[in-house]
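The values are calculated or read from the model by the stated rules, or taken from the named source; none is laboratory data. Remember, predicted model here, so these are calculated numbers, not experimental data. FYI the Cβ positions are ideal-geometry reconstructions off the backbone, even for glycines, and counts take in every protein chain you see. Note: areas computed on protein heavy atoms with side chains; ligands, DNA, RNA excluded. Shrake-Rupley method; radii C 1.70, N 1.55, O 1.52, S 1.80 Å.
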2 protein chains.
Amino acid sequence: MQTVDKAFKLLSLFSVETPEVGLSELARRAGFDKAATRRFLVALQKHQLIEQNPETRHYRLGPGLLHLAKIRETTFPLESILQTALVRLSGGTGETAHAGLLVHAVLTTLAIVFPPRANRVHLNLGEKLPLHATASGQVLLAFSPPEKLDDLPIQLNTYTTQTITDRQQLVHSLQQIRQQGFARVSNTYEDEVTGIAVPFFDAHALPQGTLAVATPSARMSAKLELQIRQQLLLESQSVTQALGGVLPADFSQHLYQETP
Amino acid sequence: MQTVDKAFKLLSLFSVETPEVGLSELARRAGFDKAATRRFLVALQKHQLIEQNPETRHYRLGPGLLHLAKIRETTFPLESILQTALVRLSGGTGETAHAGLLVHAVLTTLAIVFPPRANRVHLNLGEKLPLHATASGQVLLAFSPPEKLDDLPIQLNTYTTQTITDRQQLVHSLQQIRQQGFARVSNTYEDEVTGIAVPFFDAHALPQGTLAVATPSARMSAKLELQIRQQLLLESQSVTQALGGVLPADFSQHLYQETP
DNA sequence: CTCATCGGTTCATTATTAACACCGATGGTG
DNA sequence: CACCATCGGTGTTAATAATGAACCGATGAG
């Protein structure tokens, strides 16, 4: 079913950063022949998974995706479960809380709740978060089967002076994260931002996404960190359960250690 | 690209009514061989467009759809545009307002706003609306290219004593709807419910979905109907414009006729 | 105990997709 | 203005991928 893989590859080339792309560019990025790319686009367009901007002739994701996502969300409300967890997290910590979803080695921001204060961390819905440079990404990698590390690009992008770009160092860091059950990074993706994240799990005890709290680094203290970690752990358990997921043993142990 | 068509066909077998389906059942409904169906499911599962309930071994739509839909919605906010239009519609009329999306000859409820009163029309998000038996469906058919009528099932389902089940009669009705620019039906899908609907259009001036107001039939009056129609026309224009769509000439004429 | 149906797998047969070369149109550049 | 590159899009044969009947073990109803 490599045909399905290729169709999906085309769909996954669209992002919040590049929502509309032309034919040649798509073929280039996907590594397909232009004629083949066109045939795929026409097929996808037929089902409204893709649509074409008639002015620019560029392609973009289509409304058929909304239709399918609405069915899924109505019968299996992942997004709304995350949203309510984030409201509690943001309310309890007074900081920005966000949830990410891991799809095919890409971590995307699915939901965000901002606290009602002026100085807060900002990020965008749909934003793609680098796996090696954010707390959310690292905690996902840490709880994923080791072979998932192969999906990482050879070159780890640098975002700030603190970004981990050495593979060895990253792997070492992941081991520690797995042991402690959460990830905490400071200024590795955006300067002056500290993030703490935990994963939530699917029915196979594999990480499906993350819950995270992000604070201005200046505001982070040992006390605030502890509070955030405890809340994240509780919400992770709650979300995982609501989804019909299962916590892996080496994660659920933290639930008892952390509670005072 | 028949492979893409088949993959989509499998995805489209899931609905709010039947969100989880087993392998044999899927093969039967799609008309595919069981082995082929399995190969498709495995391929779709790899990209999280489908996921499997490990207990029942049944399949359901996957979280990858949320990911893609979020990207589309962030960069091209159809759903949120509809939502704000519905808030105005429901607020202005005091009745239930809903929006439907047409994907591959299937009309699905994408957004709903209920008025704050006890006696109101109820429907569900993600609900599939029959094209021949609802105001929304009829207005879509009326403004679609005639060949779209071929997608209709041979047998038009009966929902109430008022449901149109005769093809001739339906076609006649559609002509009138196209001329007047809106559809109005009473008790054809649910007893005691009257619906009024207008389409909104894409960049090719093709109907992409509908805006509708539904009232308990007992409450409908000539005055209320006129008010609803005027508001629907205005919101249709506004939504179409916000989407980068184009009104067909025989629709936009009503904008001037209706305004008093 | 039997039979039907479930999810899932195997492998020779067959229909599909790939990609080169080419089209006219568009737009930036010397 | 003429040039060249690139755009979106399109045919046609060679190479590749999907198909489906038969078969598994497991499960559950009569």
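Descriptive notes on the structure:
- Farthest positive-ward along segment A:167-260 dipole, Cα basis, beta-carbon charges - from A:HIS254, A:ILE196, A:LEU234: A:HIS254
- Value at 222 nm in deg cm²/dmol, rounded to 500, when DSSP H runs of n ≥ 4 in the protein assembly as shown each add -39,500 (n - 2.57): -13500 deg cm²/dmol
- Under the convention that each Lys and Arg Cβ holds +1 and each Asp and Glu Cβ holds -1, the size of the dipole of segment A:2-65 around its Cα centre is about 240 debye.
- Surface accessible to a 1.4 Å probe, per residue, for the residues of the protein assembly as shown, Å²: 44 Å²
- Relative compactness, segment B:169-235, computed as alpha-carbon Rg over 2.2 N^0.38 Å: 1.15
- Loop-resident sites, segment B:1-106, for trypsin sites (Lys or Arg not before Pro), counting at most 14 other Cβ within 10 Å (DSSP): B:ARG57
- A label point on B:VAL42, set 7 Å along the Cα-to-Cβ line, lies at 3.0 nm from each of its counterparts in the other copies, closest listed first.
- Largest first, the three principal axis extents of the alpha carbons in segment B:2-64 are 29, 22, 21 Å in whole numbers.
- Other copies of A:PRO146: label-to-label distances in nm, shortest first, labels 7 Å along the beta-carbon direction: 6.8
- Spacing of the modelled spin labels on B:SER221 and A:ALA242, each 7 Å from Cα toward Cβ, amounts to 4.4 nm.
- Think of segment A:2-65 as having a plus end and a minus end, set by charges on the Cβ of Lys, Arg, Asp and Glu; of A:ILE50, A:PHE40, A:SER12, A:PHE40 sits farthest toward the positive end of this dipole.
- Note on chain B: Lys pairs 8 or more places apart or on different chains, Cα atoms under 24 Å apart, count 13.
- Quarter of Cα convex hull surface for segment B:1-115, i.e. mean projection, nm²: 8.8 nm²
- For peptide B:3-16, the mean count of partner chain Cβ atoms within 10 Å of a residue's Cβ comes to 5.
- Dipole of chain A, positive end: most advanced residue of A:THR163, A:ALA30, A:GLN138 [Cβ charges, Cα centre]: A:ALA30
- If R0 is taken as 35 Å, the Cβ-Cβ distance between A:LYS148 and A:LEU255 corresponds to a FRET efficiency of 0.90.
- In this Cβ point-charge picture (+1 for Lys and Arg, -1 for Asp and Glu), the protein assembly as shown has a dipole of about 380 debye about its Cα centre.
- Euclidean distance of C-alpha centroids, segment A:197-247 and segment A:88-111, integer Å: 9 Å
- Cα-based shape type of the protein assembly as shown, given that a ≥ b ≥ c are square roots of the gyration tensor eigenvalues and the cut on a/c is 1.5: prolate
- Shortest-first nm distances, B:ASN157 label point to equivalent points in other copies (7 Å, Cα→Cβ): 4.6
- Peptide A:47-60, shielding by other chains (average Cβ, 10 Å cutoff): 3
- Using only alpha carbons, chain A has a radius of gyration to Kirkwood radius ratio (Rg to Rh) of 0.99.
- Cα→Cβ-extended label distance, 7 Å offset, between B:GLU192 and A:GLN169, nm: 7.0 nm
- Loop-resident sites, segment B:50-143, for GluC sites (Glu not before Pro), counting at most 15 other Cβ within 10 Å (DSSP): B:GLU55
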